[in-house]
Amino acid sequence: MVIQESKRVKIVTDEDGRSILRFDPANNYDVGIYKVVARNPLGQTVSRCRVVMAALPDSPDSPEGSAISDTEILLRWKQPRDDGHSAVLCYSLQYKLASSDEWTTIADNIDHEFFLVHDLQPKMNYQFRLAARNRIGWSPMGIPSLITTAAGGAPKIQITKAMKHLQQLTESGQEVVPDDQKAHIDYHLERELIEWNVDTDIGDKFSFVSEICRGKFSTVVKAIQKSSDQVVVAKLFELNSETDAAVQQEFEVFRTLRHERIPALLAAYKPNGAPTAILIQEKLQGADVLTYFSSRHEYTEQMVATVVTQILDALQYLHWRGYCHLDIQPDNIVMASVRSVQIKLVDFGSAQKVSKLGTKVPLSGWLDFQSPEIINDEPAHPQTDIWSVGVLTYLLLSGTSAFRGTDEQETKQNITFVRYRFENLFKEVTPEATRFIMFVFKRAPNKRPLAEECHEHRWLMSSDYMIKKRERAVFLGSRLKEFSQEYHQMKATEATTSDSLASSLGNGPSPRQLLRSNSIQEELLTTF
């Protein structure tokens with residue numbers, strides 16, 4: 001039904017043109033699916049969201065002692081089965097001697113699923129219990145676990161650098177706040193464009209901390225803005241006759257984009273006298289989508305559908321702006337959070353202006369994710385990106401590449417003739433997911449759905465029936481591990497080996513001195 005305004009239901013418009021629907025007070029019957037239709041003389045577009053009732057999370061299960069010494073216990077636990085439709089923010093951990101009645105709180109700001117408990121007594125029985133907090137409040141305390149410390153002189157527990165870093169943040173008393181208090185995206189920047197900043201003192205503005213990954217012509221580095229202590233990402237390009245035009249092209253595309261599924265460009269630098277260009281972007285929390293899923297013991301079809309929906313959100317915006325990404329692959333889909341399924345689409349080095357009637361573009365992307373028209377040097381369409389979304393969907397629902405042959409030539413033939421096998425899909429995959437893959441994999445791009453038509457497909461519907469059906473389909477992450485290792489090894493062989501990028505920043509460290517943080521990201525993902 002069409003929503004009518006009343007004393008309780010208001011639709012207001014802010015100064016930036018955003019329409020805000022507010023229920024005051026909200027009632028149980030407000031739960032449901034909401035659809036907004038925007039129309040102008042040229043057509044219409046539709047957006048949907050699902051409104052749910054938030055509640056307290058379930059109690060976490062009993063923590064397990066994954067390592068035990070005479071004075072320390074490394075506890076691990078899983079997220080609550082039900083988060084109450086609101087992401088878990090943190091945990092409270094309590095302990096006591098088994099012979100005591102009084103519980104002591106160790107910490108109530110633990111925003112990860114482990115904790116190293118110190119200063120215990122040898123050969124003593126301890127009990128530990130947990131509560132979880134979301135935006136609504138704290139769950140009841142869970143069932144305690146009983147753990148006995150080792151005899152005196154047992155070796156100390158060793159934890160990884162990533163775990164040590166998170167433990168230190170907790171013990172320093174960090175405050176955990178909901179991450180939904182972010183400022184609205186500033187859409188004025190679509191027109192008030194960022195320009196190159198010619199600055200010789202880039203090292204005075206940023207500290208370059210650790211290398212995250214490398215591309216063919218770039219190095220991505222974690223950095224800290226000295227004036228605000230804000231953690232950002234710096235993408236460093238080596239400028240020469242081969243790369244100059246491509247860097248400028250990526251900058252021209254990236255600086256006009258503002259969307260919640262695309263990282264924000266914060267600044268751009270071309271230091272005087274250095275053959276280097278630097279794009280400063282917002283920092284994302286997690287690793288790429290393939291590392292995220294392959295690092296989990298298990299994941300659900302609902303999680304895959306959430307990722308696909310979010311990629312389609314980004315592509316719908318990108319295509320509306322007249323661009324195609326043309327390089328949809330796992331490396332370019334990065335988790336914006338380590339706990340909830342939130343992605344952002346990155347790397348616009350291959351993006352091109354593409355019309356609905358088709359535009360010739362340079363060859364780009366990894367072969368497994370290329371569409372038939374790209375392989376055969378035919379014009380690209382907005383639906384060229386949709387083919388790659390289909391390949392990624394198939395990968396996450398099977399653990400294998402859809403069109404991979406015994407060699408490059410056979411792979412190209414499989415793609416050209418749309419040859420793939422349904423039997424490779426996990427047996428738990430729903431029929432709706434299979435039909436979505438068939439819906440996307442069409443040889444002719446104009447036969448494929450547009451991003452908004454994909455949103456309308458039954459598999460991605462946000463009805464209670466489909467959500468429960470997707471949540472019941474559970475897959476083991478181990479099937480993805482082999483492909484993930486092969487993929488990342490292949491990407492590493494293609495990466496630049498240049499050491500001149502970071503060293504050109506004056507007081508910045510060279511890449512040889514930078515801490516390689518991919519392994520730390522994987523540790524973090526395993527930790528969560």
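Can you tell me which of 350, 337 is buried (at least 20 other Cβ atoms within 10 Å of the Cβ) and not in a helix (DSSP H, G or I)?
Details: 337 fails: buried (at least 20 other Cβ atoms within 10 Å of the Cβ).
Checking each option against the conditions leaves just 350.
Residues are listed down the side, and each one gets a yes or a no for (1) touching a residue at least 40 places away in the same chain (Cβ under 8 Å); (2) of a type outside the set (D, E, K, R); (3) loosely packed, with under 14 Cβ neighbours inside 10 Å:
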{"site": "387", "(1), (2), (3)": "yes, yes, no"}
{"site": "390", "(1), (2), (3)": "yes, yes, no"}
{"site": "393", "(1), (2), (3)": "yes, yes, no"}
{"site": "400", "(1), (2), (3)": "yes, yes, no"}
{"site": "407", "(1), (2), (3)": "no, no, yes"}
{"site": "417", "(1), (2), (3)": "no, yes, yes"}
{"site": "421", "(1), (2), (3)": "no, no, yes"}
{"site": "427", "(1), (2), (3)": "no, no, yes"}
{"site": "430", "(1), (2), (3)": "yes, yes, no"}
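Name the residue, out of 479, 419, 404, that is basic (Lys, Arg), more than 21 Å from residue 312 (Cβ to Cβ), in a loop (DSSP other than H, G, I, E, B) and in contact with a Ser or Thr (Cβ under 8 Å, 6 or more places away or on another chain).
Working: 479 fails: in a loop (DSSP other than H, G, I, E, B); 419 fails: in contact with a Ser or Thr (Cβ under 8 Å, 6 or more places away or on another chain).
One residue alone meets the criteria, 404.
For the range 35-92, how many residues are part of a strand (DSSP E or B) and hydrophobic (A, V, I, L, M, F, W, C)?
Let us first name the residues in the range 35-92 that are part of a strand (DSSP E or B), namely 35-40, 43-51, 64-68, 73-76, 90-92.
Imposing the further condition that a residue be hydrophobic (A, V, I, L, M, F, W, C) reduces the set to 36-38, 46, 49, 51, 67-68, 73-75, 90.
Selection size over the range 35-92: 12.
Residues that are touching a Leu at 6+ places or on another chain (Cβ under 6 Å), modelled with pLDDT of 95 or more and outside any helix (DSSP H, G or I): does the range 437-455 have at least one?
No; the residues of the range 437-455 include none that is touching a Leu at 6+ places or on another chain (Cβ under 6 Å), modelled with pLDDT of 95 or more and outside any helix (DSSP H, G or I).
Which residue out of 383, 413 is surrounded by fewer than 15 Cβ atoms within 10 Å (Cβ to Cβ) and polar (S, T, N, Q)? First the steps, then the outcome.
Numbers: 383 fails: surrounded by fewer than 15 Cβ atoms within 10 Å (Cβ to Cβ).
Every option except 413 fails the conditions.
Look through 216, 226 and report the one residue that is among the basic types (Lys, Arg) and either in contact with a Phe, Trp or Tyr (Cβ under 9 Å, 6 or more places away or on another chain) or surrounded by 18 or more Cβ atoms within 10 Å (Cβ to Cβ) (or both). Give the derivation first.
Numbers: 216 fails: either in contact with a Phe, Trp or Tyr (Cβ under 9 Å, 6 or more places away or on another chain) or surrounded by 18 or more Cβ atoms within 10 Å (Cβ to Cβ) (or both).
Result of the check over 216, 226: 226.
Limited to the range 7-26, what total is found for residues that are closer than 18 Å to residue 37 by Cα, within 33 Å of the chain's Cα centre (by Cα) and part of a strand (DSSP E or B)? Write out each step before concluding.
Step one: list which residues in the range 7-26 are closer than 18 Å to residue 37 by Cα, which gives 10-13, 17-22.
Then keep just the ones that are within 33 Å of the chain's Cα centre (by Cα); that gives 11-13, 17-22.
Remaining after also requiring part of a strand (DSSP E or B): 11-13, 19-22.
Total satisfying the criteria: 7.
In the range 265-284, how many are part of a loop (DSSP other than H, G, I, E, B) and crowded, with 18+ Cβ neighbours inside 10 Å?
Filtering the range 265-284 down to residues part of a loop (DSSP other than H, G, I, E, B) leaves 270-275, 283-284.
Filter again for crowded, with 18+ Cβ neighbours inside 10 Å, leaving 270-271, 274, 284.
Of the residues in the range 265-284, 4 are part of a loop (DSSP other than H, G, I, E, B) and crowded, with 18+ Cβ neighbours inside 10 Å.
Considering only the range 383-409, state which residues are closer than 9 Å to residue 369 by Cα and either outside the structural domain of residue 431 (by TED's automatic domain parsing) or among the β-branched types (Val, Ile, Thr) (or both).
389, 391
Limited to the range 4-24, what total is found for residues that are surrounded by fewer than 11 Cβ atoms within 10 Å (Cβ to Cβ) and either farther than 22 Å from residue 188 by Cα or among the aromatic types (Phe, Trp, Tyr) (or both)? Don't jump to the end; show me each part of the working.
Our first condition is that a residue be surrounded by fewer than 11 Cβ atoms within 10 Å (Cβ to Cβ); within the range 4-24, this holds for 4-7, 12-17, 19-20, 22, 24.
With the extra rule that they be either farther than 22 Å from residue 188 by Cα or among the aromatic types (Phe, Trp, Tyr) (or both), the set shrinks to 4-7, 22, 24.
Counting residues in the range 4-24 that are surrounded by fewer than 11 Cβ atoms within 10 Å (Cβ to Cβ) and either farther than 22 Å from residue 188 by Cα or among the aromatic types (Phe, Trp, Tyr) (or both) gives 6.
The values are calculated or read from the model by the stated rules, or taken from the named source; none is laboratory data. Since the model is a prediction, treat every value here as computed from it, not as a measurement. Here Cβ is always computed from backbone atoms with ideal geometry, including for glycine, and neighbour counts include all displayed protein chains.
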